[in-house]
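The values are calculated or read from the model by the stated rules, or taken from the named source; none is laboratory data. Computed from a prediction, not measured in an experiment: that's the story for all the values here. In this analysis, Cβ positions are derived from the backbone assuming ideal geometry, glycine residues included, and neighbour counts consider all displayed protein chains.
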Amino acid sequence: MTGGLEGYDEVAEANAQKSILDIHWSRICARLKAEVGEVEYNTWLRQMGVGTVEEDEITLYLPTRFLRDWVRGQYGDRLGALWHAEIPAIRRVELQVARGPSPAGDGEAVIAESVPASATATPAVEVAAAEAEPRAAEVRSDLAAPLDPRFTFETFVVGKPNEFAYACARRVAERPSSPGFNPLFLYGGVGLGKTHLMHAIGSELVREGRVSVAYMSAEKFMYRFIAAIRSQSTMEFKEQLRSVDVLMIDDLQFLIGKDNTQEEFFHTFNALVDAGRQIVVSADKSPSDLSGLEDRLRTRLGCGMVADIHATTFELRISILEAKATASGVDVPAKVLEFLAHKITSNVRELEGALNRLIAHANLFGRPVTLEATQDVLHDILKANNRRVTIEEIQRKVAEHWNIRLTDMSSARRSTVVARPRQVAMYLSKQLTSRSLPEIGRKFGNRDHTTVIYAVRRVMELMEQDPAFAEDVELLRRMLES
Ligand SMILES: Nc1ncnc2c1ncn2[C@@H]1O[C@H](COP(=O)(O)OP(=O)(O)OP(=O)(O)O)[C@@H](O)[C@H]1O
């Protein structure tokens, strides 16, 4: 039990840590401002807030998903390097959507919305981080997120793995609501270009001045729906949604297990398609494999055009790197591009992140990009990619080891017999892969990243307390690494 004094100590300790972090943070902010310039800093970085440190990871907050993704893509590596330089124990930066306190102290506390039990028939509480209302003239900004101007058809590099999805997206942008293309369902692994294609469709339609477009993540859809329930304005929300010509919902797998939001999405979907409007949806799996979604919704999602984006090939990775290097204006030798395309095979986001870091390094220090410098600047990314172990392999090995079913890795069962191996698999996924906490959570039955943090901590504690358990986990780690 925590006594009054202990409680005080904890608070004092937390406050002390917070003010130390604040000092580092203001130094980092000053450095960033000097590096990128005042305008760029104010546009993208000023609203960032610093959270807490967990093991080797610091959490930073941004108020919208768009800003978060932008900052992650453009500055993620730099933020990591700056934090590491300030506090060497920090090796990772986790960017989250939430309103956290900003360095200037003008932010707001983190906000979480939940459905009051009385407002919904589902007992489970659906929680989402609130996003600030973005403003953009060209899309339905009253309703959804702005489109990222970098994600256009022109900047999308086409190759065998994505040519079909690209052609379908083009077709929808040219002739929305064509029979056979409504809904357009884009699916594929993490970071392979689904969001990019959706934004490209939206930008193209808006540029042609033809239709009103609303793009939002499934998470945001749920949050808006919950907010509407709370403010008793569901009718207004529905009318707004149903007044757009093209509705695009990203990462639909997020709705798995969120029954009320699924129901609402289903009705909106039907109303829009019946009224001849276009729907574009993305997810990490095909409609038939999204097993946590209601059958009737899966059936409707699959009855338009379903387009898969496959894992990248070496050729596509080279083309993407060439295009991005050319756009940056930095001379990156072909052998460096080949080296990267060989080494970083997981997804385009990571490939892009690695190249961005090289480019930032070259710009910052005015040195040419060489193979040697690449190995040095990217040693952590290259190390993570060397291991190549996947979360699926980890789940399989751990399930075999403790003799449980593989499906229990993502099931809702909580008995220790299955929960403990699941926690170990989460722990090993964090240790052995470069996947982020939310990505790991998603692979374990769409669990929240906080569940993963808890699992990692719990396994570490148990390893300290129980040598036999620690030996088991170490054995598994060695088997997976070899
Ligand atoms: N073919 C491509 N050409 C150019 N850039 C690409 C391509 N594919 C992906 N990218 C880039 O990779 C990054 C990740 O892509 P995107 O966000 O669209 O992935 P996603 O499939 O939506 O991932 P998630 O499942 O995490 O939502 C973006 O910066 C995007 O521009």
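Listing for the model above:
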{"read-out": "Test: residue in the range 194-210 that is more than 24 Å from residue 253 (Cα to Cα) and touching a strand residue (DSSP E or B) at 6+ places or on another chain (Cβ under 7 Å)", "value": "yes"}
{"read-out": "Residue check for residue 344: under 21 Å from the mean Cα position of the chain (by Cα), among the hydrophobic types (A, V, I, L, M, F, W, C) and more than 17 Å from residue 388 (Cβ to Cβ)", "value": "no"}
{"read-out": "Out of 412, 425, sole residue that is of a type in the set (Gly, Ala, Ser) and more than 22 Å from the chain's Cα centre (by Cα)", "value": "412"}
{"read-out": "Failed criterion for residue 44 (all others in (1) closer than 22 Å to residue 450 by Cα; (2) surrounded by 13 or more Cβ atoms within 10 Å (Cβ to Cβ); (3) hydrophobic (A, V, I, L, M, F, W, C); (4) at pLDDT below 80 hold)", "value": "(1)"}
{"read-out": "Test: residue in the range 238-259 that is touching a Cys at 6+ places or on another chain (Cβ under 7 Å) and farther than 19 Å from residue 97 by Cβ", "value": "no"}
{"read-out": "Conditions (1) assigned to a loop (DSSP other than H, G, I, E, B); (2) basic (Lys, Arg); (3) within 27 Å of residue 433 (Cβ to Cβ); number of the one not met by residue 349", "value": "(1)"}
{"read-out": "Criterion: touching a residue at least 24 places away in the same chain (Cβ under 8 Å) and at positive phi - qualifying residue of 292, 276", "value": "276"}
{"read-out": "Close pairs from the range 188-205: first assigned by TED's automatic domain parsing to the domain that holds residue 249 and over 13 Å from residue 174 (Cα atoms), partner in a helix (DSSP H, G or I) and more than 8 Å from the ligand (Cβ to nearest atom), Cβ under 6 Å, at least 6 apart", "value": "197/169"}
{"read-out": "Residue check for residue 223: within 12 Å of the ligand (Cβ to nearest atom), out of contact with any Phe, Trp or Tyr (no Cβ under 6 Å at 6 or more places or on another chain) and of a type in the set (Phe, Trp, Tyr)", "value": "no"}
{"read-out": "Residue in the range 164-171 that is closer than 19 Å to residue 277 by Cβ and surrounded by 18 or more Cβ atoms within 10 Å (Cβ to Cβ) present", "value": "yes"}
{"read-out": "Qualifying positions in the range 272-310 - out of contact with any strand residue (DSSP E or B) (no Cβ under 8 Å at 6 or more places or on another chain) and surrounded by 15 or more Cβ atoms within 10 Å (Cβ to Cβ)", "value": "292, 293, 294, 297, 298, 300"}
{"read-out": "Only one of 311, 323, 327 that is in contact (Cβ under 8 Å) with a residue 12 or more places away in the chain and in contact with a Gly (Cβ under 7 Å, 6 or more places away or on another chain)", "value": "311"}
{"read-out": "Failed item, numbered, when residue 216 is tested on (1) assigned to a helix (DSSP H, G or I); (2) under 30 Å from residue 311 (Cα atoms)", "value": "(1)"}
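Yes/no per residue for (1) touching a residue at least 40 places away in the same chain (Cβ under 8 Å); (2) within 12 Å of the ligand (Cβ to nearest atom); (3) on the phi > 0 side of the Ramachandran plot:
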| site | (1), (2), (3) |
| --- | --- |
| 146 | yes, no, no |
| 151 | yes, yes, no |
| 157 | yes, yes, no |
| 165 | yes, yes, no |
| 180 | yes, no, yes |
| 185 | yes, no, no |
